[in-house]
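The values are calculated or read from the model by the stated rules, or taken from the named source; none is laboratory data. Given the structure is predicted, the values throughout are model-derived calculations rather than measurements. Quick reminder, even Gly has a Cβ in these numbers, built from the backbone with ideal geometry, and neighbours come from all protein chains shown.
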Amino acid sequence: MVELTPEETVLEVNSRLLRVPRKFLQILPLRPPMWSLVRRRPDDAPPAAAEDGKYAVCPSCCERSPLIDSAPTLRCRRCGAVYAVAWSDSPWRAFEVLPGRPVRGALARARAVALRALATAFGLRP
């Protein structure tokens, strides 16, 4: 994420800047350690996408991968890491940065809370 305003977000995708309306994004204070599901644009070439236009993005190296049915995990072809597939984003909604101007320091606090929750979920000490 390069820039965040109440109306839109500027993302860097394949070394190009892309403006996306906020309503189409779920913005979190950290990158979840799970494969993100993305629906490709109709004008994109389909090699990495399934027939329904969805593909997964590796949380480590951002490699695109076709989805395999409802597999709980995927191994990345590029970096070899194995992560769970985020078939639902509901557990992350608690950490979502909502539209509007966040209060100063809100993003840092949300990140700290999310990191503690991850540590607890994986049985690690925060």
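Out of the residues in the range 5-34 that are among the hydrophobic types (A, V, I, L, M, F, W, C) and assigned to a strand (DSSP E or B), state the one that is farthest from Ala86 (Cα to Cα). Reasoning before the result, please.
Initial filter on the range 5-34 (among the hydrophobic types (A, V, I, L, M, F, W, C)): 10-11, 13, 17-18, 20, 24-25, 27-28, 30, 34.
Next, only the ones that are assigned to a strand (DSSP E or B) stay: 10-11, 13, 17-18, 20, 34.
Details: Val10: 23, Leu11: 21, Val13: 20, Leu17: 25, Leu18: 23, Val20: 21, Met34: 6 Å.
Among residues in the range 5-34 that are among the hydrophobic types (A, V, I, L, M, F, W, C) and assigned to a strand (DSSP E or B), the one farthest from Ala86 (Cα to Cα) is Leu17.
Looking at Val38, Val97, which one is assigned to a strand (DSSP E or B), modelled with pLDDT under 85 and out of contact with any Asp or Glu (no Cβ under 6 Å at 6 or more places or on another chain)?
Details: Val97 fails: assigned to a strand (DSSP E or B).
After ruling out the rest, the residue left standing is Val38.
Ser88 - would you say it is within 25 Å of Ala119 (Cα to Cα), touching a Cys at 6+ places or on another chain (Cβ under 9 Å) and modelled with pLDDT of 70 or more? Outline the logic, then answer.
Numbers: within 25 Å of Ala119 (Cα to Cα): yes; touching a Cys at 6+ places or on another chain (Cβ under 9 Å): no; modelled with pLDDT of 70 or more: yes.
So Ser88 does not fit the description; no.
Please work out which residue is surrounded by the most Cβ atoms within 10 Å (Cβ to Cβ), limiting yourself to the range 1-33 and to residues that are among the basic types (Lys, Arg) and closer than 21 Å to Cys61 by Cβ.
Here is the first cut: in the range 1-33, the residues among the basic types (Lys, Arg) are 16, 19, 22-23, 31.
Narrowing the set further to residues that are closer than 21 Å to Cys61 by Cβ leaves 16, 31.
Numbers: Arg16: 7, Arg31: 10.
So the residue we want is Arg31.
Are there any pairs, at least 6 apart or on different chains, whose C-beta atoms fall under 6 Å, with the first in the range 97-120 and of a type in the set (A, V, I, L, M) and the second assigned to a loop (DSSP other than H, G, I, E, B) and at pLDDT 75 or above, and if so, which?
Once the first residue is of a type in the set (A, V, I, L, M) and sits in the range 97-120, its partners that are assigned to a loop (DSSP other than H, G, I, E, B) and at pLDDT 75 or above give Val97/Ile27; Leu107/Pro29; Ala110/Pro29; Ala114/Pro29; Ala114/Leu30.
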